[in-house]
Amino acid sequence: TAARDRGLKFELYAASGGREYWLVDPDTQTLEVYVLRGRAYAPLGCYRPGETAGSELLPGLKLKVKGLFEG
């Protein structure tokens with residue numbers, strides 16, 4: 001569920017050292033990207049259809065958000 005993704009899983013991934021955490025929300029058609037700063041996540045960006053998302057972990061990655069919700 002969204003609450004679990006934004007709560008327990010979010011904290012567990014940060015504690016285990018997951019360098020990025022992505023949340024895809026089909027209801028709001030958004031992609032949220034978080035990066036690990038110390039022991040907690042900080043937002044890198046919130047992207048919507050028409051925008052291109054990026055990644056610090058994979059600098060060459062460019063993802064058209066619209067493509068996540070088509071189909």
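Data overview
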{"read-out": "Enumeration of residues in the stretch 21-41 that are surrounded by fewer than 17 Cβ atoms within 10 Å (Cβ to Cβ) and in contact with a strand residue (DSSP E or B) (Cβ under 6 Å, 6 or more places away or on another chain)", "value": "Trp22, Leu23, Val24, Val35"}
{"read-out": "The stretch 42-71, subset among the basic types (Lys, Arg) and assigned to a loop (DSSP other than H, G, I, E, B), residue surrounded by the fewest Cβ atoms within 10 Å (Cβ to Cβ)", "value": "Lys62"}
{"read-out": "Boolean, Gly18 is outside any strand (DSSP E or B), open to solvent by less than 80 Å² (accessible area, probe 1.4 Å) and not β-branched (Val, Ile, Thr)", "value": "yes"}
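The values are calculated or read from the model by the stated rules, or taken from the named source; none is laboratory data. Since this is a predicted model, take the numbers as computed values, not measurements. Cβ sites come from the backbone with ideal geometry, for glycine too, and all protein chains shown count toward neighbours. Calculation scope for accessible area: heavy atoms of the full protein, side chains included, ligands and nucleic acids excluded. Shrake-Rupley method; radii C 1.70, N 1.55, O 1.52, S 1.80 Å.
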